[in-house]
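Notes follow the structure.
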Amino acid sequence: MQDPQALAALQERLDSVPHTPSSYIETLPKAVKRRINALKQLQVKCAHVEAKFYEEVHELERKYAALYQPLFDKRREFITGDVEPTDAESEWHSENEEEDKLAGDVKNKVVIAEKEAVAAEEPDPKGIPEFWFTIFRNVDMLSELVQEYDEPILKHLQDIKVKFSDPGQPMSFVLEFHFEPNDYFTNAVLTKTYKMKSEPDKADPFSFEGPEIVDCDGCVIDWKKGKNVTVKTIKKKQKHKGRGTVRTITKQVPNDSFFNFFSPLKASGDGESLDEDSEFTLASDFEIGHFFRERIVPRAVLYFTGEAVEDDENHLHGQMQPPWTAPLPSAWTHSLWTPWVQVRLLRGRLELGGAPPQPAQAPRPVLPTCDSAAKGRDSGGPSGSGNGTCWYRYSCMLGRGSLAGA
């Protein structure tokens, strides 16, 4: 290809075709295409190296989960009232501390007697009542799942834990919901297991973007008699075809409830496709499970006070300026916080940079892409991986990232 005439002829051909990536590749000489194929083989090997990186990240998460757990155990003791925090543990300096101090000095002599009287009458409940139930109410993603008849049950929820798979086992995590004894079911713990995969797809290795949630398993709830809120009894009149007599029959049908969370749809593993509604339901389930793991459990007190909810809303409003072309449906607003785990379905896919499945007639948003200058900026990511991955995927592993970078 050193012949000037040949180069000129090639350039003329390139100038005469539409400038799309596929049309450009088609015009290249066979020798160049052969080298491109070699680059693709290298890219596949890069994907396998990246998969190993994420496996080590999972090992690191497991290591630090053991360090977090004593703090979470103490959190549970404070919430349930089993342990009373000391004065030193209860001390907290607010942002408005100086203003509060000045105002307090002015009013101190006037109100001190009133404060003492109120303190004497003020109730002192055990622990922090309805801690986790309040979080469910504060977070839209969760409150939409909770029915009125679920509320008295969730008031018995004492803790939520995340358990990672053991070394050498397939990648997964388990959500554990710990309940005090109640009038609804006999289980002390309800579990939800999310199975993950961190390896390139043999049929489509270039689609690999990190670990994927691929399936989930729930648990059997041992409901006490007449207390199962996931079903309801209906009466239906039935006419006998021959005799013409009418009889009333009763049967149980599924009922909307948060506790259906523990009886999830199964991702089809036999090659059959799920219908669109099932795909949407399964994707939502994966996202909610991941939100519990990455946001709710690590930052529970901030979702209880509402501070984390405000932070999330402020972040989302900041992201939904142009480049957004349409608002995200409410069921998907938290997908911006989905960190390095993707959701892969058989025909649908939720991932960073792609639009989530949309309900009927809902506008499809165009998700913003990461600024190219921010790619690879975070030290947590593999440098020079060349896969177009932005730093968000790595810094967000503990829920700290920003979609736009900076």
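Computed from the Cβ-Cβ distance with R0 of 30 Å, the FRET efficiency linking L265 to Q169 stands at 0.80. Accessible area per residue was computed with a 1.4 Å probe on protein heavy atoms; K232 scores about 100 Å². Remark: accessible surface ordering of Y184, Y64, Y54 (largest first) is Y64, Y184, Y54, probe radius 1.4 Å. Using a/c under 1.5 as the rounded threshold, could you call the range 161-308 rounded, prolate or oblate? The axes a ≥ b ≥ c are square roots of the C-alpha gyration tensor eigenvalues, and prolate needs a/b larger than b/c, oblate otherwise. Verdict is oblate for the range 161-308.
The order of C219, C46 by accessible area, most exposed first and with a 1.4 Å probe, is C46, C219. Sorting the segments 67-73, 142-148, 240-246, 209-215 by their residues' average number of neighbouring beta-carbon atoms within 10 angstrom, most packed first, yields 209-215, 142-148, 67-73, 240-246. Once all protein chains are placed together, S278 keeps about 20 Å² accessible to a 1.4 angstrom probe. Distance between the pseudo-spin-label points of A31 and K236 (7 Å out from Cα toward the beta carbon): 7.4 nm. Distance between the 7 Å Cα→Cβ label points at D124 and K63: 4.4 nm.
Take the Cβ atoms of L7 and F53, set R0 to 35 Å, and the FRET efficiency comes out at 0.30.
The figure for I296 is an accessible area of roughly 0 square angstrom, using a 1.4 Å probe on the protein chains alone.
What the Cβ-Cβ distance of D217 and L42 gives, at R0 = 41 Å and to the nearest 0.05, is a FRET efficiency of 0.65. Stokes-Einstein diffusion for the range 23-66, with the hydrodynamic radius set to the Kirkwood value over Cα pairs and evaluated at 25 °C in a medium of 0.890 mPa s, equals 189 µm²/s. For the set W223, W132, the ranking by accessible area, highest first and with no ligand, DNA or RNA atoms included, is W223, W132 under a 1.4 Å probe. Compared with the direct C-alpha span, the chain from E180 to D87 gains 30.7 nm at full extension, assuming 0.36 nm per residue.
The values are calculated or read from the model by the stated rules, or taken from the named source; none is laboratory data. Just so it is clear, the model here is predicted, and its values are computed rather than measured. Backbone-built Cβ (ideal geometry, glycine too); neighbour counts: all protein chains shown. Side chains are part of the model used for accessible areas, which takes the heavy atoms of the whole protein and leaves out ligands, DNA and RNA. Shrake-Rupley method; radii C 1.70, N 1.55, O 1.52, S 1.80 Å.
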